[in-house]
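What follows is a single structure, written as structure tokens, with notes after it.
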Amino acid sequence: MGLLQRFESRLEQIVSGAFAKAFRSAVQPVEVAAALQREVDNTAQILSRNRRLVPNQFHVELSPADHARLSPYSSTLAQELTEMLREHAHDQAYVFTGPVSIVFDERDDLTTGRFRVRSAALAKVTPSAERTPTDTAVRRAEVVLEVNGMRHPIEAPGMVVGRGADADLRINDPGVSRRHAEIRVHARAPDDLGDTGVSVVDLGSTNGMFVNDRRVERAALRDGDTIKVGHTVMTVHLASWVRGAARSAPGRSGSWGGSGV
């Protein structure tokens, strides 16, 4: 029995007749399962000879009518679909970037019986105990690093990002080294209009580092710059006075992405 047939058989055993009736003339669960499986296959990226990286966050977009029918059963269906994806990943030697999540969204541009799947690879990000972010710390920070929608304050002298347990910000991404990069912050006074004193340095990682899509070993940073390590993209946010310092600093050119420091 194939994976999709096993999925459908399990679903039939645990859901009520009302569930089957709800899907009689709408989107079928096995169709969603097949679409998720194709999405994983089509987006797999080679990590090594026997391992491929796949997305772990999935949004199944449904028409208003299909979404209304599905809502009472979304939790059960998401659980079964997640188990199906894990089985498929195991069979194909796929590696998820983090915990698998499946969410059902309503979209007005879809008609009954039509749906689409969107995916993203989001690694689990865990700050060290002493760096657990709070709203107050984020508001007061001169430098903030945004990763997968969460903001992490950075104070001088900086923060080490990596996959290892000793990193200040741990990113569970297979493409990230144990100690991948360090974001360095030099303490400055609010009236200091010199350089921002914010930079990033590769710590000898296996896969390297990209700043604004350019591979570098080190770079000065300004507000809005992006840093990519492994398959994870981080965005740098600077406090208003630090942004002003960057604009006022003498001798600065407009090209920052690959500037060495």
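Figures for the structure shown
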item: From the options ARG247, ARG252, residue that is among the basic types (Lys, Arg), assigned to a helix (DSSP H, G or I), at pLDDT below 95 and over 22 Å from the mean Cα position of the chain (by Cα); result: ARG247
item: Some residue of the stretch 57-78 being hydrophobic (A, V, I, L, M, F, W, C), modelled with pLDDT under 90, in a strand (DSSP E or B) and within 29 Å of GLY230 (Cβ to Cβ); result: no
item: Test for ARG6: is it part of a helix (DSSP H, G or I) and either among the small types (Gly, Ala, Ser) or at pLDDT 70 or above (or both); result: yes
item: Residue list for the stretch 44-76, filter: hydroxyl-bearing (Ser, Thr, Tyr) and either crowded, with 18+ Cβ neighbours inside 10 Å or in contact with a Leu (Cβ under 9 Å, 6 or more places away or on another chain) (or both); result: SER63, TYR73, THR76
item: Subset of the stretch 207-224 [of a type in the set (D, E, K, R) and more than 17 Å from the chain's Cα centre (by Cα)]; result: ARG214, ARG215, GLU217, ARG218, ARG222, ASP223
item: Unmet requirement for VAL211, which otherwise passes all of (1) surrounded by fewer than 18 Cβ atoms within 10 Å (Cβ to Cβ); (2) at pLDDT 95 or above; result: (1)
item: Residues within the stretch 124-166 that are among the acidic types (Asp, Glu) and closer than 16 Å to VAL233 by Cα, tallied; result: 1
item: The stretch 220-233: number of residues that are surrounded by 18 or more Cβ atoms within 10 Å (Cβ to Cβ) and either modelled with pLDDT under 95 or not aliphatic (A, V, I, L, M) (or both); result: 9
item: Cβ pairs under 6 Å, 6+ apart, first in the stretch 214-228 and touching a residue at least 24 places away in the same chain (Cβ under 8 Å), second β-branched (Val, Ile, Thr) and exposed (fewer than 15 other Cβ atoms within 10 Å of the Cβ); result: ARG218/VAL261; ALA220/VAL261
item: Tally, over the stretch 90-102, of residues that are modelled with pLDDT under 95 and open to solvent by less than 50 Å² (accessible area, probe 1.4 Å); result: 8
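The values are calculated or read from the model by the stated rules, or taken from the named source; none is laboratory data. What you see is a predicted model; the values in this text were computed from it and never measured. Don't worry about glycine lacking a Cβ; one is built from the backbone with ideal geometry, like all the others, and counts go over all protein chains shown. Accessible surface is based on the protein model in full, side chains and every heavy atom, while ligands, DNA and RNA are left aside. Shrake-Rupley method; radii C 1.70, N 1.55, O 1.52, S 1.80 Å.
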